[in-house]
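Everything on this sheet refers to the single structure shown next.
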Amino acid sequence: PHLAALVLARGGSKGIPLKNIKLLAGVPLIGWVLRAAIDAGVFHSIWVSTDHDEIEKVAKQFGAQVHRRSPEVSQDSSTSLEAIREFLNHHHEVDIVGNIQATSPCLHPSDLIKVADLIQKEGFDSVFSVVRRHQFRWSEVKKGENKMTEPQNLNPAKRYRRQDWPGELYENGSFYFAKRHLIEKGYLQGGKMAYYEMRAEHSVDIDIDIDWPIAEQRVLSFGYFGKEPLKEVKLLVCSIEGCLTNGRIYVTEDHKEMVSYDYRDIVGVDLLKKRGIQVRLISERDCSKTLSAMQLGCVAKVSATNKLQVLKDWQEDMGLSWKEVAYLGNEESDVECLKQAGMSGVPADACAAAQKAAGYICKSRGGCGAVREFAEHIFLLLEKVNSARKQ
């Protein structure tokens, strides 16, 4: 049977405009679940259903196919079931739909693999995600009603300690898998049903965790970053023009060139060095005089006609694996380096090709704090590596 992953990503959002492609920890929100779906390797096709051009563009960048949904199922009042049924009407090859919520960025491939087994090998008609919560519920008393609240799932005289109570299972909305015949009858859950319990730390819903910085911290701690485990970064290579500087060149009357840079980026370079991370610089131009004036004390390669070869030479000379190399670039000449490095980033104003190749897109523009921001991103990921080692 053809198992398709389907992410519903409407352009309209009452809370956050174009929320589905807003950057979360340097990755478009929808990119987190698409990465997990692709790496799970269990889907015959992966789709994004959208009514918006920009969402379509991001979906294709992450390797998904796009179903352009009709205006009839793109309204504020439209339901997920209506959008899924429309998708099935256009894709008769699909037998099972794994509807994955775009706003669940801590979803991992391992969850999707286990759910695929439940529905494909164990014969369940529908499987949905839940999370275990330890919360005591009380009946609601509406204003003006002359009655008392009542306990719903506890005896106040014998309150459980958390460790003595298994808690209760609640839908978390991360995904709903269902076979075609159920959806065509108007159900996402039915037939032979099963739930799949997700770990609490992976149960992050942006619709609920609307505080974006808090959600970013959760994702950095518990999100899925790719098939290979993260490693300690030993080297950051940074493109000079457009990253360390804003790319502008000022020419004086006596034909001398000047560039500007942000002091925050210099601090970022110093912080990396203090953490034992080497910083090296690269440029297609001969900007040796500029580097000398900046007094950064970094190894640099200027007039580099082949940036990837320079990067490979440095990586081999230092005896590093690619997972130990980070790269910050902004132009098409940086694309292959961004793809090769274990950790990659671009400033907010990088070219489209560089943004597509990068794992992290800074909020800051080149020459305006992007190096410092990428350094802080590296530190956060290293904290994730260190905590994993302790566990």
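The values are calculated or read from the model by the stated rules, or taken from the named source; none is laboratory data. Computed from a predicted model, the values in this text were never measured in an experiment. A quick note on method: Cβ atoms are made from the backbone with ideal geometry, for glycine too, and the neighbour counts reach across all protein chains shown. Accessible surface areas use protein heavy atoms only, side chains included; no ligands, DNA or RNA. Shrake-Rupley method; radii C 1.70, N 1.55, O 1.52, S 1.80 Å.
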* **For residue 318: the one exception among (1) more than 20 Å from the chain's Cα centre (by Cα); (2) open to solvent by less than 40 Å² (accessible area, probe 1.4 Å)** => (2)
* Flag for residue 199 being more than 27 Å from residue 87 (Cα to Cα), basic (Lys, Arg), open to solvent by 90 Å² or more (accessible area, probe 1.4 Å) and touching a strand residue (DSSP E or B) at 6+ places or on another chain (Cβ under 9 Å) -> yes
* **Exclusive hit being in contact with a helix residue (DSSP H, G or I) (Cβ under 8 Å, 6 or more places away or on another chain), open to solvent by 50 Å² or more (accessible area, probe 1.4 Å) and free of Cβ contacts under 8 Å to residues at least 40 places away in the same chain, set 150, 257** => 257
* To do: Would you check if residue 54 is within 30 Å of residue 211 (Cα to Cα), modelled with pLDDT of 90 or more and either aliphatic (A, V, I, L, M) or open to solvent by 20 Å² or more (accessible area, probe 1.4 Å) (or both)?
  => yes
* So residue 132, is it open to solvent by 90 Å² or more (accessible area, probe 1.4 Å), in contact (Cβ under 8 Å) with a residue 12 or more places away in the chain and not in a loop (DSSP other than H, G, I, E, B) -> no
* **Residue that is open to solvent by 20 Å² or more (accessible area, probe 1.4 Å) and hydrophobic (A, V, I, L, M, F, W, C), where the choices are 304, 353** => 353
* **Criterion: in the same structural domain as residue 40 (by the TED database), open to solvent by 10 Å² or more (accessible area, probe 1.4 Å) and part of a loop (DSSP other than H, G, I, E, B) - qualifying residue of 77, 110** => 77
* Structure fact -> Within the range 252-277, of all residues that are in a loop (DSSP other than H, G, I, E, B) and aliphatic (A, V, I, L, M), the one farthest from the chain's Cα centre (by Cα) is 259
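Give me the residue from the range 1-47 that is assigned to a loop (DSSP other than H, G, I, E, B) and open to solvent by less than 20 Å² (accessible area, probe 1.4 Å) and, out of that set, nearest to residue 71 (Cα to Cα). Talk me through it step by step, then tell me what you get.
Start the filter on the range 1-47 by keeping residues that are assigned to a loop (DSSP other than H, G, I, E, B), which leaves 1-2, 9-18, 22, 25-26, 41-44.
From what's left, open to solvent by less than 20 Å² (accessible area, probe 1.4 Å): 9, 11, 25-26.
Values: 9: 13, 11: 11, 25: 31, 26: 30 Å.
Here the answer is 11.
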* Working carefully through the options 323, 301, 273, find the one that is basic (Lys, Arg) and more than 21 Å from residue 382 (Cβ to Cβ). => 301
* When you go through (1) of a type outside the set (Phe, Trp, Tyr); (2) assigned to a loop (DSSP other than H, G, I, E, B); (3) more than 23 Å from residue 345 (Cα to Cα) one by one for residue 104, which number turns out not to apply? -> (3)
* Structure fact -> residue 237 meets each of (1) open to solvent by 50 Å² or more (accessible area, probe 1.4 Å); (2) touching a strand residue (DSSP E or B) at 6+ places or on another chain (Cβ under 6 Å); (3) within 26 Å of residue 309 (Cα to Cα) with one exception, condition (1)
* From the list 272, 296, which residue is buried (at least 17 other Cβ atoms within 10 Å of the Cβ), at pLDDT 90 or above and on the phi < 0 side of the Ramachandran plot? -> 272
* For the range 84-95, state whether one or more residues are among the hydrophobic types (A, V, I, L, M, F, W, C), open to solvent by less than 60 Å² (accessible area, probe 1.4 Å) and at pLDDT below 95. => no
* To do: Give the residue, chosen from 112, 118, 107, that is more than 22 Å from the chain's Cα centre (by Cα) and on the phi < 0 side of the Ramachandran plot.
  => 118
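Table: residues versus (1) within 30 Å of residue 272 (Cβ to Cβ); (2) open to solvent by less than 40 Å² (accessible area, probe 1.4 Å); (3) touching a Cys at 6+ places or on another chain (Cβ under 9 Å); (4) not in a helix (DSSP H, G or I).
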residue	(1), (2), (3), (4)
154	no, yes, no, yes
157	no, no, no, no
169	no, no, no, yes
204	yes, yes, yes, yes
226	yes, yes, no, yes
231	yes, no, no, yes
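Residue-by-condition table, conditions (1) touching a residue at least 24 places away in the same chain (Cβ under 8 Å); (2) out of contact with any Phe, Trp or Tyr (no Cβ under 7 Å at 6 or more places or on another chain); (3) on the phi > 0 side of the Ramachandran plot; (4) surrounded by 12 or more Cβ atoms within 10 Å (Cβ to Cβ):
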position: 182; (1), (2), (3), (4): yes, yes, no, yes
position: 187; (1), (2), (3), (4): yes, yes, no, yes
position: 192; (1), (2), (3), (4): yes, no, no, yes
position: 211; (1), (2), (3), (4): no, yes, no, no
position: 214; (1), (2), (3), (4): no, yes, no, no
position: 223; (1), (2), (3), (4): yes, no, no, yes
